[in-house]
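The values are calculated or read from the model by the stated rules, or taken from the named source; none is laboratory data. As the structure is a computational prediction, the values presented were derived from the model and not from experiment. As a convention, Cβ positions derive from the backbone with ideal geometry for all residues, glycine included, and neighbour counts pool all protein chains shown.
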Amino acid sequence: MKYLVNKIAPDEKSKIALLSIVSNTTLVALKLAAGIVTGSVSIVSEAIHSGLDLLAAIIAFVSVRVSGRPPDQKHQYGHGKFENLSGTIEAILIFIAAVWIIIEAYDKLINKAKVETLALGIIVMGVSALVNTIISAILMKTAKKTRSVALEADAMHLRTDVYTSVGVLAGLAAIQLTGIQILDPIIAIGVAVLIIKAAYDLTAKAFRPLLDIAVGKDEAGIINEVLQSMVETNLLGYHKLRTRQSGPERHLDMHLVVPRDMTVKEAHDLAHRVEDQLKTRLPHSIILIHTEPCVDSDCSVCRGCEKKQFSNQDDN
(Lines give C-alpha, C1' and ligand atoms only; values in the text may rest on other atoms or scores of the structure.)
Protein backbone atom coordinates (compact mmCIF):
# COMPACT_ATOMS: atom_id res chain seq x y z
CA MET A 1 0.00 0.00 0.00
CA LYS A 2 1.33 3.40 -0.92
CA TYR A 3 2.71 5.41 2.00
CA LEU A 4 0.26 8.24 2.70
CA VAL A 5 0.59 10.87 5.44
CA ASN A 6 -0.42 14.46 5.98
CA LYS A 7 2.66 16.55 5.42
CA ILE A 8 4.21 18.11 8.52
CA ALA A 9 6.18 21.31 8.12
CA PRO A 10 9.77 20.31 8.95
CA ASP A 11 11.06 23.77 8.02
CA GLU A 12 8.70 25.40 10.51
CA LYS A 13 9.78 23.02 13.27
CA SER A 14 13.45 23.54 12.46
CA LYS A 15 13.12 27.33 12.61
CA ILE A 16 11.41 27.19 16.01
CA ALA A 17 14.06 24.77 17.33
CA LEU A 18 16.78 27.14 16.06
CA LEU A 19 15.12 30.04 17.90
CA SER A 20 15.33 28.00 21.10
CA ILE A 21 19.06 27.39 20.51
CA VAL A 22 19.74 31.12 20.13
CA SER A 23 17.77 32.13 23.24
CA ASN A 24 19.29 29.39 25.41
CA THR A 25 22.84 30.24 24.32
CA THR A 26 22.28 33.84 25.40
CA LEU A 27 20.74 32.86 28.74
CA VAL A 28 23.51 30.37 29.57
CA ALA A 29 26.12 33.10 29.09
CA LEU A 30 24.18 35.61 31.20
CA LYS A 31 23.45 33.19 34.05
CA LEU A 32 26.97 31.79 34.16
CA ALA A 33 28.46 35.28 34.29
CA ALA A 34 26.02 36.35 37.00
CA GLY A 35 26.67 33.16 38.98
CA ILE A 36 30.43 33.69 38.90
CA VAL A 37 30.17 37.36 39.87
CA THR A 38 27.69 36.81 42.71
CA GLY A 39 29.02 33.46 43.91
CA SER A 40 25.43 32.13 43.99
CA VAL A 41 25.13 28.37 43.61
CA SER A 42 21.43 28.74 42.80
CA ILE A 43 22.27 31.00 39.84
CA VAL A 44 25.02 28.59 38.72
CA SER A 45 22.51 25.74 38.99
CA GLU A 46 20.19 27.74 36.77
CA ALA A 47 23.06 28.26 34.28
CA ILE A 48 23.53 24.48 34.21
CA HIS A 49 19.80 24.02 33.77
CA SER A 50 19.84 26.43 30.84
CA GLY A 51 22.90 24.62 29.49
CA LEU A 52 20.84 21.46 29.41
CA ASP A 53 18.01 23.38 27.79
CA LEU A 54 20.53 24.44 25.15
CA LEU A 55 21.62 20.84 24.63
CA ALA A 56 17.96 19.82 24.47
CA ALA A 57 17.30 22.51 21.87
CA ILE A 58 20.20 21.25 19.76
CA ILE A 59 18.94 17.67 20.05
CA ALA A 60 15.42 18.85 19.17
CA PHE A 61 16.75 20.71 16.13
CA VAL A 62 18.57 17.62 14.87
CA SER A 63 15.67 15.28 15.65
CA VAL A 64 13.00 17.30 13.83
CA ARG A 65 15.29 17.46 10.80
CA VAL A 66 15.78 13.71 10.84
CA SER A 67 12.18 12.78 11.70
CA GLY A 68 10.93 14.92 8.82
CA ARG A 69 12.74 12.79 6.25
CA PRO A 70 10.54 10.60 4.04
CA PRO A 71 10.65 6.79 4.41
CA ASP A 72 13.59 5.06 2.77
CA GLN A 73 14.68 1.48 2.12
CA LYS A 74 16.09 1.02 5.62
CA HIS A 75 13.35 2.96 7.42
CA GLN A 76 10.20 2.03 5.57
CA TYR A 77 7.94 3.34 8.34
CA GLY A 78 9.64 6.72 8.40
CA HIS A 79 11.90 8.33 11.02
CA GLY A 80 9.27 9.56 13.49
CA LYS A 81 10.62 7.63 16.48
CA PHE A 82 13.83 9.63 16.35
CA GLU A 83 11.95 12.38 18.18
CA ASN A 84 10.99 9.96 20.96
CA LEU A 85 14.57 8.75 21.21
CA SER A 86 15.90 12.30 21.46
CA GLY A 87 13.38 13.11 24.19
CA THR A 88 14.52 10.10 26.22
CA ILE A 89 18.18 11.17 25.88
CA GLU A 90 17.26 14.67 27.05
CA ALA A 91 15.53 13.25 30.15
CA ILE A 92 18.62 11.24 31.12
CA LEU A 93 20.81 14.34 30.80
CA ILE A 94 18.42 16.29 33.01
CA PHE A 95 18.61 13.64 35.74
CA ILE A 96 22.42 13.84 35.68
CA ALA A 97 22.39 17.63 35.93
CA ALA A 98 19.97 17.57 38.85
CA VAL A 99 22.28 15.27 40.81
CA TRP A 100 25.25 17.56 40.08
CA ILE A 101 23.30 20.60 41.32
CA ILE A 102 22.40 18.83 44.57
CA ILE A 103 26.06 17.92 45.17
CA GLU A 104 27.20 21.52 44.57
CA ALA A 105 24.44 22.93 46.74
CA TYR A 106 25.32 20.55 49.59
CA ASP A 107 28.96 21.68 49.39
CA LYS A 108 27.87 25.33 49.60
CA LEU A 109 25.58 24.49 52.50
CA ILE A 110 28.38 22.83 54.49
CA ASN A 111 30.97 25.54 53.73
CA LYS A 112 28.48 28.40 54.32
CA ALA A 113 29.42 30.26 51.14
CA LYS A 114 28.14 33.82 50.75
CA VAL A 115 26.32 35.42 47.86
CA GLU A 116 27.45 38.83 46.61
CA THR A 117 26.04 41.43 44.17
CA LEU A 118 22.47 40.22 44.62
CA ALA A 119 20.92 42.89 42.38
CA LEU A 120 22.72 41.51 39.31
CA GLY A 121 21.43 38.01 40.01
CA ILE A 122 17.88 39.25 40.48
CA ILE A 123 17.95 41.11 37.16
CA VAL A 124 19.37 38.14 35.24
CA MET A 125 16.80 35.74 36.72
CA GLY A 126 13.99 38.13 35.82
CA VAL A 127 15.18 38.44 32.22
CA SER A 128 15.57 34.64 32.01
CA ALA A 129 12.02 34.00 33.26
CA LEU A 130 10.56 36.49 30.77
CA VAL A 131 12.49 35.19 27.74
CA ASN A 132 11.77 31.53 28.51
CA THR A 133 8.07 32.25 29.04
CA ILE A 134 7.87 33.64 25.51
CA ILE A 135 10.02 30.97 23.84
CA SER A 136 8.35 28.04 25.63
CA ALA A 137 4.91 29.30 24.55
CA ILE A 138 6.06 29.47 20.91
CA LEU A 139 7.60 25.99 21.13
CA MET A 140 4.50 24.44 22.72
CA LYS A 141 2.18 26.02 20.14
CA THR A 142 4.28 24.59 17.30
CA ALA A 143 4.59 21.22 19.07
CA LYS A 144 0.79 20.91 19.38
CA LYS A 145 0.32 21.97 15.77
CA THR A 146 2.85 19.47 14.39
CA ARG A 147 2.58 16.73 17.08
CA SER A 148 6.33 17.07 17.65
CA VAL A 149 7.57 15.20 20.72
CA ALA A 150 11.00 16.85 20.41
CA LEU A 151 9.63 20.40 20.43
CA GLU A 152 7.23 19.56 23.27
CA ALA A 153 10.17 18.23 25.29
CA ASP A 154 12.10 21.43 24.61
CA ALA A 155 9.08 23.52 25.65
CA MET A 156 8.75 21.52 28.87
CA HIS A 157 12.42 22.20 29.65
CA LEU A 158 12.00 25.92 29.20
CA ARG A 159 8.76 25.99 31.17
CA THR A 160 10.54 24.32 34.07
CA ASP A 161 13.33 26.88 33.68
CA VAL A 162 10.74 29.66 34.09
CA TYR A 163 9.56 28.20 37.40
CA THR A 164 13.07 27.66 38.71
CA SER A 165 14.22 31.12 37.61
CA VAL A 166 11.32 32.68 39.47
CA GLY A 167 12.18 30.55 42.51
CA VAL A 168 15.82 31.63 42.44
CA LEU A 169 14.79 35.26 41.94
CA ALA A 170 12.50 35.06 44.98
CA GLY A 171 15.29 33.44 47.01
CA LEU A 172 17.83 36.12 46.08
CA ALA A 173 15.31 38.79 46.98
CA ALA A 174 14.76 37.07 50.33
CA ILE A 175 18.52 37.01 50.96
CA GLN A 176 18.69 40.70 50.06
CA LEU A 177 15.97 41.48 52.60
CA THR A 178 16.93 39.08 55.42
CA GLY A 179 20.65 38.42 54.94
CA ILE A 180 20.07 34.68 55.48
CA GLN A 181 22.73 33.19 53.16
CA ILE A 182 21.66 29.57 53.70
CA LEU A 183 18.62 30.23 51.51
CA ASP A 184 20.80 30.08 48.36
CA PRO A 185 21.85 26.38 48.51
CA ILE A 186 18.41 25.42 49.81
CA ILE A 187 16.81 27.05 46.75
CA ALA A 188 19.35 25.28 44.50
CA ILE A 189 18.25 21.92 45.93
CA GLY A 190 14.64 22.92 45.30
CA VAL A 191 15.55 23.71 41.70
CA ALA A 192 17.12 20.26 41.35
CA VAL A 193 13.95 18.58 42.67
CA LEU A 194 11.83 20.42 40.09
CA ILE A 195 14.28 19.40 37.36
CA ILE A 196 14.00 15.74 38.40
CA LYS A 197 10.20 15.99 38.24
CA ALA A 198 10.40 17.48 34.74
CA ALA A 199 12.81 14.72 33.67
CA TYR A 200 10.42 12.04 34.95
CA ASP A 201 7.46 13.54 33.06
CA LEU A 202 9.54 13.82 29.90
CA THR A 203 10.74 10.22 30.18
CA ALA A 204 7.16 8.97 30.45
CA LYS A 205 6.13 11.09 27.47
CA ALA A 206 9.04 10.22 25.16
CA PHE A 207 9.93 6.64 26.06
CA ARG A 208 6.55 4.88 25.95
CA PRO A 209 6.05 5.29 22.17
CA LEU A 210 9.36 3.45 21.66
CA LEU A 211 7.50 0.40 22.98
CA ASP A 212 4.77 0.87 20.34
CA ILE A 213 2.21 2.03 22.89
CA ALA A 214 -1.34 2.55 21.62
CA VAL A 215 -2.87 5.97 21.09
CA GLY A 216 -4.65 7.62 24.04
CA LYS A 217 -8.26 7.04 25.08
CA ASP A 218 -9.51 10.24 23.43
CA GLU A 219 -7.98 9.36 20.08
CA ALA A 220 -9.16 5.72 20.35
CA GLY A 221 -12.66 7.05 21.00
CA ILE A 222 -12.50 9.17 17.84
CA ILE A 223 -11.40 6.14 15.78
CA ASN A 224 -14.28 4.00 17.07
CA GLU A 225 -16.72 6.88 16.56
CA VAL A 226 -15.68 7.28 12.91
CA LEU A 227 -15.84 3.54 12.20
CA GLN A 228 -19.26 3.09 13.78
CA SER A 229 -20.62 6.09 11.88
CA MET A 230 -19.54 4.43 8.62
CA VAL A 231 -21.79 1.41 9.26
CA GLU A 232 -24.61 3.28 7.57
CA THR A 233 -22.66 3.18 4.29
CA ASN A 234 -22.33 -0.60 3.76
CA LEU A 235 -19.69 -1.22 6.43
CA LEU A 236 -20.97 -4.16 8.51
CA GLY A 237 -18.34 -3.99 11.23
CA TYR A 238 -14.66 -3.94 12.10
CA HIS A 239 -12.15 -5.81 14.23
CA LYS A 240 -8.41 -6.29 14.81
CA LEU A 241 -8.06 -2.55 15.32
CA ARG A 242 -4.47 -1.76 16.34
CA THR A 243 -2.75 1.57 16.92
CA ARG A 244 0.71 2.82 17.78
CA GLN A 245 2.55 6.12 17.94
CA SER A 246 5.79 7.08 16.24
CA GLY A 247 6.99 10.62 16.84
CA PRO A 248 4.41 12.98 15.33
CA GLU A 249 2.63 10.17 13.47
CA ARG A 250 -0.08 7.67 14.38
CA HIS A 251 -0.13 4.24 12.74
CA LEU A 252 -3.55 2.57 12.52
CA ASP A 253 -4.48 -0.78 11.01
CA MET A 254 -7.80 -2.63 11.05
CA HIS A 255 -10.05 -5.21 9.37
CA LEU A 256 -13.32 -3.97 7.87
CA VAL A 257 -16.23 -6.39 7.40
CA VAL A 258 -18.23 -5.74 4.21
CA PRO A 259 -21.14 -7.55 2.49
CA ARG A 260 -19.89 -10.68 0.75
CA ASP A 261 -21.39 -9.68 -2.61
CA MET A 262 -19.64 -6.30 -2.66
CA THR A 263 -17.26 -5.86 -5.59
CA VAL A 264 -13.54 -5.29 -5.13
CA LYS A 265 -13.92 -1.71 -6.38
CA GLU A 266 -16.81 -1.01 -4.00
CA ALA A 267 -14.82 -2.39 -1.06
CA HIS A 268 -11.80 -0.35 -2.15
CA ASP A 269 -13.85 2.85 -2.37
CA LEU A 270 -15.41 2.17 1.03
CA ALA A 271 -11.98 1.66 2.60
CA HIS A 272 -10.84 5.01 1.13
CA ARG A 273 -13.89 6.76 2.61
CA VAL A 274 -13.07 5.32 6.02
CA GLU A 275 -9.43 6.38 5.62
CA ASP A 276 -10.39 9.92 4.59
CA GLN A 277 -12.74 10.30 7.56
CA LEU A 278 -10.07 9.12 9.99
CA LYS A 279 -7.41 11.44 8.55
CA THR A 280 -9.81 14.37 8.74
CA ARG A 281 -10.38 13.77 12.46
CA LEU A 282 -6.83 12.62 13.23
CA PRO A 283 -4.24 14.33 10.98
CA HIS A 284 -0.75 12.85 10.62
CA SER A 285 -2.18 9.31 10.61
CA ILE A 286 -0.88 6.45 8.49
CA ILE A 287 -3.64 3.89 7.93
CA LEU A 288 -3.61 0.31 6.67
CA ILE A 289 -7.01 -1.32 5.99
CA HIS A 290 -7.84 -4.94 5.19
CA THR A 291 -11.38 -5.67 3.94
CA GLU A 292 -13.04 -9.05 4.41
CA PRO A 293 -16.50 -10.42 3.53
CA CYS A 294 -19.24 -11.24 6.01
CA VAL A 295 -18.92 -14.98 6.86
CA ASP A 296 -22.49 -15.61 8.11
CA SER A 297 -23.46 -18.38 5.65
CA ASP A 298 -27.05 -18.47 6.94
CA CYS A 299 -27.70 -14.89 5.81
CA SER A 300 -29.44 -14.84 2.39
CA VAL A 301 -29.46 -11.05 2.00
CA CYS A 302 -26.16 -9.22 2.24
CA ARG A 303 -27.20 -5.68 1.40
CA GLY A 304 -28.68 -3.94 4.43
CA CYS A 305 -27.64 -6.81 6.71
CA GLU A 306 -28.54 -5.94 10.31
CA LYS A 307 -26.00 -8.29 11.88
CA LYS A 308 -23.53 -5.53 12.58
CA GLN A 309 -20.15 -6.68 13.85
CA PHE A 310 -18.21 -4.39 16.17
CA SER A 311 -14.99 -5.10 17.99
CA ASN A 312 -11.94 -3.04 18.85
CA GLN A 313 -10.10 -6.08 20.14
CA ASP A 314 -7.29 -7.92 18.39
CA ASP A 315 -9.49 -10.99 17.95
CA ASN A 316 -9.36 -13.75 15.38
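A few points about this structure:
- All positions within the range 1-52 that are at pLDDT below 75 and within 21 Å of the chain's Cα centre (by Cα): VAL5, ASN6, LYS7, ILE8, ALA9, PRO10, ASP11, GLU12, LYS13, HIS49
- Of the residues ALA174, ALA204, ALA188, ALA220, the single one that is surrounded by fewer than 16 Cβ atoms within 10 Å (Cβ to Cβ), modelled with pLDDT under 75 and among the small types (Gly, Ala, Ser) is ALA204.
- Test: residue in the range 125-136 that is among the aliphatic types (A, V, I, L, M), part of a helix (DSSP H, G or I) and surrounded by 22 or more Cβ atoms within 10 Å (Cβ to Cβ): yes
- Any chance THR117 is of a type in the set (Ser, Thr, Tyr), over 18 Å from LEU27 (Cα atoms), modelled with pLDDT of 75 or more and surrounded by fewer than 24 Cβ atoms within 10 Å (Cβ to Cβ): no
- ASP253 being closer than 30 Å to SER86 by Cα and either assigned to a helix (DSSP H, G or I) or not assigned by TED's automatic domain parsing to the domain that holds VAL62 (or both): yes
- Of everything listed in (1) out of contact with any Lys or Arg (no Cβ under 9 Å at 6 or more places or on another chain); (2) free of Cβ contacts under 8 Å to residues at least 60 places away in the same chain, the single unmet condition for HIS157 is (2).
- Condition met for ALA174 (in the same structural domain as LEU52 (by TED's automatic domain parsing) and in contact (Cβ under 8 Å) with a residue 12 or more places away in the chain): no
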